[in-house]
Amino acid sequence: MLFAGGGSGGHIYPNAAVVERLARSRIAPVYVVSRRPIDATVCAALPAADWLPTSAEPLALRPDRLYRWYRAHQAAVAECLDAIDRTQARAVVSTGGFVGGPAVEAAAQRELPACLVNLDAVPGKANRWSARKVEAIFTAYDDTGLPRARHVGVPLRQASQASLKPAAARHRLGLQPDRPTLLVTAGSQGASTINSAMVELVSRTVAKRALQGWDLVHLTGSAPGELERVAAAYRPLGINAYVEPFLPDMGLAWSAATLAICRAGAGTVAEAWASHTPAIFLPYPHHRDQHQRHNAEPLVRVGGALLADDHVDPVATVGGLLGRIAELLSNQARRDAMQACLKRTRPPDGAAAVAEWVLAVAGRGPTPRSA
């Protein structure tokens, strides 16, 4: 069985969540991913993971890059066809994006059933194309505009869900068990602009005062130099901070968190909602469709989160963020109300629904091939 999705942990982890639900079956999963280093890092941390790095690249419409994309796409389709034949795969699950497209195309060529798990509130080009070729479509959000779609929520791994008492999680991270904890994360790839905004934020007197009595968990991403500069900003302030590039066990971070500042990728939004963690979302600013903003809006509507703008320039970002973060850091009643809103409205976990589809199609037997 091929589980296609890569380029970030946000596309791989939902497949891993489905695989978890299939642990008692005889289905042998193969993760189809990209050749980005983050994919190897994520897959290496998954239990007993067999993964295939493919040649797939994001679609580029500029004439000087379009032919390169086409060649990469064709190569990735061939790699997926080989994997289907080699493993005798019975179906393909795609979590979308540029890695999922070639896998769906390969499934169509082999006349295998395939499903699309659309993770974002606004489907991208690759997902809209794949939706025409798959048997089933699962979505994390209502009203995506995809035909035949079934709303099931984002598939979440056990390791990404809060399962410990806050004090126990904080102790494991080397923090004070009885202190509230601010989590700062931008997902598996990190975000230098959020790192810069936090460095700027803690230079402000208002923020320094508000953070008194708080500990931090800050996941910087693996870009060179990010870990060192963020840790250096916290050190002189006497803030007890767990600063690392990446944490595979995100459930530990969410268990420890009292409040979060984060990007609004579908996985991060779903994890915040599932753990009932009030959040300030800073959507990635360069997406034309602003799908991260749309991802976060349901939490804002129910009263469990706030939206702020990442202006890229840290001074401008902090200008719009400072008052809100200071108020939430100092107002437990507000945080408790936000947490209660998230508890009342938590959506379902989509992993079980996708796993049921996998088991159903795996039991059908081979699809007759055309002559």
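The values are calculated or read from the model by the stated rules, or taken from the named source; none is laboratory data. Only a predicted model underlies this, so the values are computations on that prediction, with no experimental measurement involved. Heads up, the Cβs are rebuilt from the backbone with ideal geometry, glycines too, and the neighbour counts pull from every protein chain shown. What goes into the accessible areas is simple: the full protein's heavy atoms, side chains included, and nothing from ligands, DNA or RNA. Shrake-Rupley method; radii C 1.70, N 1.55, O 1.52, S 1.80 Å.
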Would you work out what percent of the accessible area of region 18-69, with all protein chains in place, is carbon or sulfur (probe 1.4 Å)? 56
Listed residues 177, 47, 245; largest mean-square fluctuation, Gaussian network over the chain with Cα springs below 10 Å, found at 47
So which residue, out of 142, 349, 120, gets the largest mean-square fluctuation from a GNM of the chain using Cα contacts under 10 Å as springs? 142
Using a 1.4 angstrom probe with every protein chain in place, what is the largest-first accessible-area order of 261, 239? 239, 261
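At a 10 angstrom cut-off on C-beta neighbours, averaged per residue, how do the peptides 71-81, 89-99 rank from highest to lowest? All intermediate terms of the calculation are to be shown ahead of the outcome.
Numbers: 71-81: 18.8, 89-99: 27.1.
Ranking the peptides 71-81, 89-99 by packing returns 89-99, 71-81.
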With all protein chains present and a 1.4 Å probe, the order of 185, 41 from largest accessible area down is 41, 185
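Taking all protein chains in place and a 1.4 Å probe, what share, in percent, of the accessible surface of region 110-171 do carbon and sulfur account for? Before the final figure, lay out each step's value.
Numbers: 1400 of 2850 Å².
The computed percentage sits at 49.
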Looks like region 271-371, by Cα gyration tensor root eigenvalues a ≥ b ≥ c and the a/c under 1.5 rounded cutoff (else prolate when a/b is bigger than b/c, oblate otherwise), is oblate
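Is the C-alpha gyration tensor of region 143-214 telling us rounded, prolate or oblate? Criteria: a/c under 1.5 is rounded; beyond that, a/b larger than b/c is prolate, otherwise oblate. Walk me through the numbers on the way to the answer.
Values: a/c = 2.90, a/b = 1.52, b/c = 1.90.
The shape class here is oblate.
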Sort 192, 255, 330 by accessible area with a 1.4 Å probe, largest first. 330, 192, 255
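With an 8 Å cut-off on Cα pairs and a minimum separation of 6 or more residues, tell me the relative contact order of the chain in percent.
Numbers: 764 pairs, mean separation 61.3, N = 371.
Relative CO of the chain lands at 17 percent.
Quick one, could you list the DSSP H helices from the chain stretching 15 Å or more along their long axis (Cα atoms) with average Kyte-Doolittle hydropathy of 1.0 or above? Could the numbers behind the result be given before it?
Values: long enough: 9-21 (18 Å, -0.15); 63-87 (36 Å, -0.67); 97-109 (19 Å, 0.66); 291-302 (18 Å, -1.12); 314-330 (22 Å, 1.14); 332-345 (20 Å, -1.07); 351-362 (16 Å, 1.90).
Sorted by number, the helices that extend far enough and score high enough are 314-330, 351-362.
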Residue 205 to residue 333: extension gain in nm, 0.36 nm per residue of separation minus the Cα-Cα distance? 43.8 nm
With a 1.4 Å probe and all protein chains kept in place, how much accessible area does residue 208 have, in Å² rounded to the nearest 10? 80
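What FRET efficiency, computed as 1/(1 + (r/R0)^6) with R0 = 22 Å and r the Cβ-Cβ distance, is obtained for residue 125 and residue 88, rounded to the nearest 0.05? Don't jump to the answer; show the numbers that get you there.
Numbers: r = 31 Å, r/R0 = 1.42.
So, using R0 = 22 Å, E works out to roughly 0.10.
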If I take R0 = 35 Å and measure r between the Cβ atoms of residue 324 and residue 108 in this structure, what FRET efficiency does the formula 1/(1 + (r/R0)^6) give, to the nearest 0.05? 0.15
Residue among 329, 66, 46 with the largest mean-square fluctuation in a Gaussian network model of the chain, springs linking Cα atoms under 10 Å: 66
